[in-house]
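Reading through the structure tokens given below for one structure.
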Amino acid sequence: MLRILGVGFGLAVGIGNTIGTGILRTPGEVAGYLGNGWLIFAVWLLGGIYALLCSSSATELGCMLPRAGGWYVYSRRAFGAKAGFVVGCCDFTVQSVANAYLAVAFAEFVGELLPMLAGHVRLLGTLALASLAILNWIGLKTGSRAQEITSLVKALGLIALVIAAFTISVKAGTASLLPSDLFVHPHSIFLGLMLALQGVVVTYDGWYAPIYFVEEDKDPAKNLPRSMIGTALSCIAIFLLVNAALFHVLRMDHLAGSPMPAVDAAMLLFGSSGRKLILLISVVAVISSINAALMYIPRILFSMSRDGLLPRSITSVNRGGTPSLALFLCASVSIALVLSGSFDALIAIGSILFVAVYLSGFASLLILRKSEPDLVRPYKAWWYPWSTLLILLASAAFLLGSVIGDLKHSLFTAILILLSYVASILIVREKNHEQA
């Protein structure tokens, strides 16, 4: 692995992985659940604080154990090889499914921009994944530079939308052109808050991307805290600004329940070309997120292979610093999902697993503080143990809500975890036998 990365890449991969198309859609859902401007901003701020505290705890783990692989590394160290294998498999599954979903979203956005390409979702999604995989196969420098450029363009596009919202006057009466029958969810305030928080937490998901690259960072003890905390703070600022812009342009009566409030706002500001502007931002956002995932998912397989839990051949790294076989496997899995045309069940399972994966990391931090107090910790989590316990409980509550809300796919998720645990028993037993 090449040690060539720094803070700039850390921020780019963190922001690029976090800011997706969710921020263009979720504000309408949140407003529909709450119906109050102060509550809307409070929920987005609370979700940001959650991501910030999560980042602080994860940063301690990354600085303490500066190895590629992310959550797998920490669970293996805290709970052993079997638990590590399960977490690694779950993380790989979640991220691969999410990447396939993003590839499909990319194809749909391109089809809306260029109607002649509409209806070729599988082809366009496959081309997007294959092209970005080749880009990353060339080398770590090429992939990291692409990440920095796309993340910057995406952030600038959203900031431009915010500036336009507060500087361009919307003509009186134009708001009436928007649909007037938007649905506002008739929930109690408590249930509304819970549903809104769920949507906000999902939108903030992705803040952890820099931890997968600590082994390739020139100075992880110094750069990882800056990358992780910087990512969380940047996303909080951008998400709050975007919400303020949408609220300013649409007002509550049109924001609440709007399926794509960013499109509605852009059309009021720029006319019919506003929709194309948001589609362009969406395309760049999705490309940035796919590229980030194709960079860090192979590090999961690489690390598991290096520890003897997967075939040793997966540890191969080319001259450019890319785990080439691991990248090929990751891209192939996502492409296969895109070509299958239907993986809704896996998306539902992934939506349950994603919090469980980094919940394992917070539990690992608590365990390692007690079991290995002498480990060098260049960075320590803020307000430990209370902050870590708080986010652990919040994550557990989120997971419980997801399970209760989808019992069918929760059962499938439990079966997947059980199967991966059975596989881990066999693999660890074989590994111990070979060592003996």
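The values are calculated or read from the model by the stated rules, or taken from the named source; none is laboratory data. Quick caveat, the model's predicted, so the values are computed rather than measured. Reconstructed Cβ throughout: ideal geometry from the backbone, glycine too, with neighbour counts over all protein chains shown. Just so you know, the surface numbers come from the protein's heavy atoms only, side chains and all, with ligands and any DNA or RNA stripped out. Shrake-Rupley method; radii C 1.70, N 1.55, O 1.52, S 1.80 Å.
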- Note on the structure: Length-normalised contact order of the stretch 325-436, Cα under 8 Å, at least 6 apart, in percent, tallies to 36
- Assuming a ≥ b ≥ c are the square roots of the Cα gyration tensor eigenvalues, decide whether the chain counts as rounded (a/c under 1.5), prolate (otherwise, with a/b larger than b/c) or oblate. prolate
- For the chain, size of Cβ-based charge dipole, Lys and Arg +1, Asp and Glu -1, in debye: 860
- Query: Excluding same-chain residues fewer than 8 positions from Lys276, which aspartates and glutamates have a Cα within less than 16 Å of its Cα?
  - Reply: Glu108, Glu112, Asp264
- Query: For the stretch 204-362, what is the relative contact order in percent, using Cα pairs closer than 8 Å and at least 6 residues apart in sequence?
  - Reply: 13
- For Lys370, which aspartates and glutamates qualify as cross-link partners when the Cα separation must be under 16 Å and same-chain residues fewer than eight apart are set aside? Glu60
- Accessible surface of the chain [probe 1.4 Å, protein heavy atoms]: carbon and sulfur percent: 69
- Query: Roughly what angle does helix 324-340 make with the longest principal axis of the chain, taking Cα atoms, 0 to 90 degrees, to the nearest 10?
  - Reply: 50
- Item | Positive-end extreme of charge dipole, the chain - chosen from Ala245, Gly88, Phe166 (charges on Cβ) | Gly88
- Task: Would you mind checking Lys82/Lys218; Lys218/Lys380; Lys82/Lys222; Lys154/Lys380; Lys154/Lys218; Lys82/Lys408 for any pair whose Cα atoms are more than 24 angstrom apart?
- Result: Lys82/Lys218; Lys82/Lys222; Lys154/Lys380; Lys154/Lys218; Lys82/Lys408
- Query: How far, in degrees from 0 to 90, does helix 386-405 lean away from the longest principal axis of the Cα atoms of the chain, to the nearest 10?
  - Reply: 70
- Accessible area per residue in Å² at 1.4 Å probe, computed on the chain: 42
- Query: Taking θ as phi - 60°, what are the ³J(HN,Hα) couplings along the stretch 300-307 by the Karplus curve (6.51, -1.76, 1.60), each to the nearest whole Hz, with x for Gly and Pro?
  - Reply: 5, 5, 4, 5, 5, 5, 4, 8
- Item | Calculated from backbone phi, Karplus (6.51, -1.76, 1.60) coupling profile of the stretch 13-30 in Hz, x at Gly/Pro | 6, x, 5, x, 7, 8, 7, x, 7, x, 5, 7, 10, 4, x, x, 5, 4
- Message: When a/c reaches 1.5 or more, the comparison of a/b and b/c decides; with that in mind, is the stretch 370-421 rounded, prolate or oblate per its Cα gyration tensor?
- Response: oblate
- Task: Treat each spin label as a single point 7 Å out from the Cα along the C-beta direction, and report the Leu113 to Lys370 distance in nm.
- Result: 5.2
- Report the extension gain between Ala414 and Trp38 in nm, rounded to one decimal, defined as 0.36 nm multiplied by the number of residues separating them, less their alpha carbon distance. 131.5 nm
- Query: Roughly how many whole Å is it from the C-alpha centroid of the stretch 273-313 to that of the stretch 80-144?
  - Reply: 6
- Message: For Leu65, what residues show an amide H to amide H distance below 5 Å, using hydrogens built from the backbone and excluding near sequence neighbours?
- Response: none
